[in-house]
Amino acid sequence: MSQTADQQYFEALIADDSRVEPRDWMPDGYRRTLIRQIAQHAHSEIIGMQPEGNWITRAPSLRRKAILMAKVQDEAGHGLYLYAAAETLGIERAEMLDLLHAGKQRYSSIFNYPTLTWADVGAIGWLVDGAAIVNQVPICRCSYGPYVRAMVRICKEESFHQRQGFESLHALSHGTPDQHAMAQDAVNRWWWPSIMMFGPPDDESPNSAQSMAWGIKRHSNDELRQRFVDMTVPQAEVLGLDVPDPDLRFDKDTGHWVHGPIDWDEFRDILSGNGPCNAERIDARVATHSEGAWVREAATAYAAKQAERVPA
Amino acid sequence: MNEPTSRDWPLWEVFIRARRGLSHSHVGSLHAPDADLALHNARDLYTRRSEGVSIWVVESARITASSPDEKDEFFDPAADKIYRHPTFYDIPDGVQHL
């Protein structure tokens with residue numbers, strides 16, 4: 001196969017573990033894969049504001065409320081960094097939002113679970129943000145420059161998200177028996193969905209090999225999942241909370257925690273739209289977007305009026 | 001200015017001076033209807049943790065950039081002038097402050 005000079009330059013960048021920048025030539029598949037992945041990532045940040053935002057008005061103290069507001073504001077910021085990164089690939093933010101609202105681009109299935117108690121906010125910070133960090137740190141070394149820069153900012157900010165969740169759960173776990181039970185219940189419900197955040201097992205992840213070859217993905221789903229389990233199980237001991245996996249055991253030979261079987265039917269069911277909150281999340285997103293339309297129009301009209309007044 | 005086909009506000013590039021004595025560095029981009037709101041959005045988006053003491057915003061469409069297609073011809077003239085670097089010169093051992 002004869003390659004054009006553009007292709008050769010692209011391949012050389014990938015081979016050197018260098019970075020591809022927006023105006024470089026890139027294969028259509030590379031561009032499509034990045035748009036799909038970065039858009040899904042951005043949508044996850046924006047939809048992810050809902051389950052936690054649910055508890056802002058009912059946070060148990062001013063301290064916890066201020067922390068939660070800052071965290072949810074960070075999620076909005078992370079969404080904006082990522083939409084901007086995706087836009088460098090030639091898609092507009094407005095189009096990505098349309099695709100999200102029409103169900104044609106996805107967000108992480110984890111946000112289709114409800115936040116039933118205050119302890120869920122802690123469990124999300126500790127487990128969901130913990131899993132997100134394990135997924136995201138390697139993306140700070142991926143091959144596409146704008147994605148790298150967005151992820152570096154996000155990972156710096158994400159650490160507070162996980163620590164505040166751990167602290168909140170630790171307070172509950174070491175509080176009254178009712179508070180401890182509430183923390184355990186939240187962990188029981190969020191553990192397996194967090195494990196599933198790393199995606200299907202390696203032998204059922206058909207696009208992974210190409211993403212690895214392009215330097216978009218650096219580790220396999222199962223490798224990252226194992227890393228998360230190894231990090232998190234000892235943290236559960238410090239929290240004084242049980243991991244809801246009767247088969248969980250430490251393998252002395254490999255030095256890894258071995259988890260039990262994952263219910264992939266549940267994962268696929270939620271992906272196909274049947275999770276407890278799929279419809280609610282999109283309805284809320286669409287409602288927010290249309291209710292904010294007058295603000296966007298007013299700002300545009302004001303800018304146009306000002307531009308007319310200022311002599312060129 | 002904004003292309004007529006775009007449904008979103010114009011894109012702005014954001015530059016932040018992290019602290020006095022440093023130059024402004026590019027940190028990312030955002031959409032805003034005008035320069036004032038671009039500044040405010042940049043403050044909210046890029047300095048939530050005191051990352052800056054000064055912000056510049058520039059409408060992305062106003063930036064003129066070198067083309068990646070011409071990178072060789074454009075930057076070649078510097079490639080063969082290694083005598084512009086201090087390490088090019090042989091200096092006898094023991095010479096100080098040079």
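Take the stretch A:93-152 and flag every residue that is assigned to a loop (DSSP other than H, G, I, E, B) and touching a Gly at 6+ places or on another chain (Cβ under 8 Å).
Correct list: A:103, A:107, A:108, A:113, A:142, A:143.
Go through the stretch B:24-45 and count every residue that is out of contact with any strand residue (DSSP E or B) (no Cβ under 7 Å at 6 or more places or on another chain) and either aromatic (Phe, Trp, Tyr) or in a loop (DSSP other than H, G, I, E, B) (or both).
Looking only at that region, the number is 2.
If we only count helices (runs of 4 or more DSSP H) wholly inside the stretch A:203-312, which ones have 2 or more residues that are closer than 29 Å to residue B:7 by Cβ and not small (Gly, Ala, Ser)?
In the stretch A:203-312, A:278-291, A:293-309 are the helices (runs of 4 or more DSSP H) which contain 2 or more residues that are closer than 29 Å to residue B:7 by Cβ and not small (Gly, Ala, Ser).
Working only within the stretch B:46-98, note down all residues that are part of a strand (DSSP E or B) and β-branched (Val, Ile, Thr).
B:55, B:57, B:58, listed by residue number.
Kindly check whether there is at least one residue in the stretch A:38-55 that is at pLDDT 95 or above, within 24 Å of residue B:41 (Cβ to Cβ) and acidic (Asp, Glu).
Yes: the stretch A:38-55 contains one or more residues that are at pLDDT 95 or above, within 24 Å of residue B:41 (Cβ to Cβ) and acidic (Asp, Glu).
Whether any residue in the stretch A:281-304 is of a type outside the set (D, E, K, R), in contact with a Pro (Cβ under 8 Å, 6 or more places away or on another chain) and touching a residue at least 60 places away in the same chain (Cβ under 8 Å) is what I want to check.
no
For the stretch B:4-60, name all the residues that are in contact (Cβ under 8 Å) with a residue 40 or more places away in the chain and either under 25 Å from residue A:298 (Cβ atoms) or charged (D, E, K, R) (or both).
Of everything in the stretch B:4-60, those that are in contact (Cβ under 8 Å) with a residue 40 or more places away in the chain and either under 25 Å from residue A:298 (Cβ atoms) or charged (D, E, K, R) (or both) turn out to be B:10, B:11, B:12, B:13, B:14, B:55, B:57, B:58, B:59, B:60.
Tally up the residues in the stretch A:88-129 that are within 14 Å of another protein chain (Cβ to nearest Cβ) and either of a type outside the set (Val, Ile, Thr) or out of contact with any Phe, Trp or Tyr (no Cβ under 9 Å at 6 or more places or on another chain) (or both), please.
Selection size over the stretch A:88-129: 12.
The values are calculated or read from the model by the stated rules, or taken from the named source; none is laboratory data. None of the values given here were measured: they were computed from a predicted structure. Every residue, glycine as well, gets a Cβ built from its backbone with ideal geometry; the counts of neighbours run over all protein chains shown.
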